[in-house]
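Heads up, the thing below is written out as structure tokens.
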Amino acid sequence: MKRKNMNDKPEQPQPPDQPAGAESGALIEPSEEAVVRLEGELADTKDKYLRLAAEYDNFRKRSVKERTELWQRAQADLVQRLVDALDDLARFAHVDPAQTDAKTIHDGVAIVERKLWKALEGAGVSRVDQVGVPFDPHVHEAVTTQSADDPARDHTVGAVLQPGYRMGEALLRPARVIVLQWQGEAGRGSGDGT
């Protein structure tokens with residue numbers, strides 16, 4: 001007979017609702033109550049999922065609609081800022097040049113330009129047209145280069161051919177510029193190599 005030591009576990013009897021071969025991986029038929037309960041939980045989970053999916057779809061549609069309305073309001077606000085200057089420009093377009101001197105037309109166009117810039121600045125638009133600043137490929141488009149007369153002016157903007165524009169931090173159009181490059185003392189000679 002086999003001797004028992006302290007580490008041996010006593011045999012535990014199986015519960016009466018489990019058949020003797022349950023631990024061997026045999027399929028057990030769940031009770032009717034468990035099936036009904038699990039089907040109810042599944043139906044609740046499906047219902048929650050469908051409600052959540054519908055709620056997300058409604059949120060997405062509402063967000064698109066709100067974004068569209070916001071964009072339209074922003075465009076209308078900008079146009080509203082510009083209409084006064086456009087009206088003034090239309091008046092100047094219909095002036096009889098034979099009855100108006102050039103200075104009056106020039107002054108009128110300058111007034112319209114100031115009104116336009118006031119409206120654009122109110123909308124957050126600014127010009128990118130500084131000369132002498134370091135060349136920045138994020139805001140400048142180099143059209144050509146010129147020799148710099150001083151090494152301190154190397155890779156700086158020498159001239160602005162067409163201004164750029166920003167709206168807030170967003171670049172609308174880069175400034176088209178001439179970039180200065182220091183050629184060294186050899187590049188500053190008469191060109192005949194002496």
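The values are calculated or read from the model by the stated rules, or taken from the named source; none is laboratory data. Remember, predicted model here, so these are calculated numbers, not experimental data. Positions of Cβ are generated from backbone atoms using ideal geometry, with glycine treated the same way; all protein chains shown enter the neighbour counts.
In the stretch 67-112, which residue that is over 23 Å from the mean Cα position of the chain (by Cα) and within 23 Å of Glu169 (Cα to Cα) is surrounded by the fewest Cβ atoms within 10 Å (Cβ to Cβ)? Break it down stepwise before answering.
Here is the first cut: in the stretch 67-112, the residues over 23 Å from the mean Cα position of the chain (by Cα) are 80-112.
Still in the running and within 23 Å of Glu169 (Cα to Cα): 80-82.
Details: Gln80: 10, Arg81: 17, Leu82: 16.
The selected residue is Gln80.
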Condition check for Val160: in the same structural domain as Leu180 (by TED's automatic domain parsing), within 29 Å of Val179 (Cβ to Cβ) and either in a strand (DSSP E or B) or small (Gly, Ala, Ser) (or both) | yes
Condition set among the hydrophobic types (A, V, I, L, M, F, W, C) and assigned to a loop (DSSP other than H, G, I, E, B), scope the stretch 114-140, selection nearest to Arg81 (Cα to Cα): answer is Ala123
Note to self: Is it the case, given these coordinates, that Arg166 is under 20 Å from Leu78 (Cβ atoms) and assigned to a strand (DSSP E or B)?
What the structure shows: yes
When restricted to Arg114, Arg153, Arg166, Arg173, the only residue among the basic types (Lys, Arg) and touching a Phe, Trp or Tyr at 6+ places or on another chain (Cβ under 6 Å) is Arg173
All conditions in (1) modelled with pLDDT of 95 or more; (2) in contact with a Lys or Arg (Cβ under 9 Å, 6 or more places away or on another chain); (3) surrounded by 15 or more Cβ atoms within 10 Å (Cβ to Cβ) are true of Trp182 except (1)
Among Thr144, Thr104, Thr100, the single one that is in contact with a Gly (Cβ under 9 Å, 6 or more places away or on another chain) and farther than 20 Å from Val83 by Cα is Thr100
